[in-house]
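Notes follow once the structure below has been shown.
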Amino acid sequence: MAQTDGFSARTFTEDGTTVVALAGEVDLATAPVLDAALTDAVDAAPSTLVIDLADLDFMDSTAAGVMVRAGNRLVESGGMIAVRRPRPHIRRAIDIMGLNLVFGLED
């Protein structure tokens with residue numbers, strides 16, 4: 001598990017799918033931890049990567065950029081990326097930033 005004060009990213013496999021579960025707040029200060037976790041997950045070359053946001057309290061545009069870069073790398077290698085279980089306020093941020101057009105969304 002990658003973590004820093006106020007943020008953690010835990011990677012595991014669920015039914016053959018790689019999942020990175022985020023908890024806490026991801027912003028400019030904690031984005032390097034998110035970047036490292038997603039880079040490691042993408043480097044493992046999964047066919048599908050799911051970013052679980054159920055325990056994420058806050059994300060800013062820095063976090064969005066990190067997720068988009070990871071998604072682009074995965075798609076370039078033939079994989080797909082999805083975001084699941086965002087809380088209502090996180091879902092609103094995703095929609096405002098246009099990430100709903102980039103990622104598959106699962107409730």
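Values for this structure:
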item	result
Near pairs, Cβ below 6 angstrom, 6+ apart or cross-chain, from the stretch 5-32 (closer than 14 Å to A82 by Cα) to any residue that is among the polar types (S, T, N, Q)	T17/T48; V20/T11
Qualifying positions in the stretch 48-64 - among the charged types (D, E, K, R) and open to solvent by less than 40 Å² (accessible area, probe 1.4 Å)	D52, D60
Of residues in the stretch 5-47 being of a type in the set (S, T, N, Q) and surrounded by 15 or more Cβ atoms within 10 Å (Cβ to Cβ), the one farthest from the chain's Cα centre (by Cα)	T30
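The values are calculated or read from the model by the stated rules, or taken from the named source; none is laboratory data. This is a predicted model, so every value here is computed, not measured. When we count neighbours, we look across all protein chains shown, and the Cβ atoms used for this are built from the backbone with ideal geometry, even at glycine. These accessible areas exclude ligands, DNA and RNA; they are computed on the full protein's heavy atoms, side chains included. Shrake-Rupley method; radii C 1.70, N 1.55, O 1.52, S 1.80 Å.
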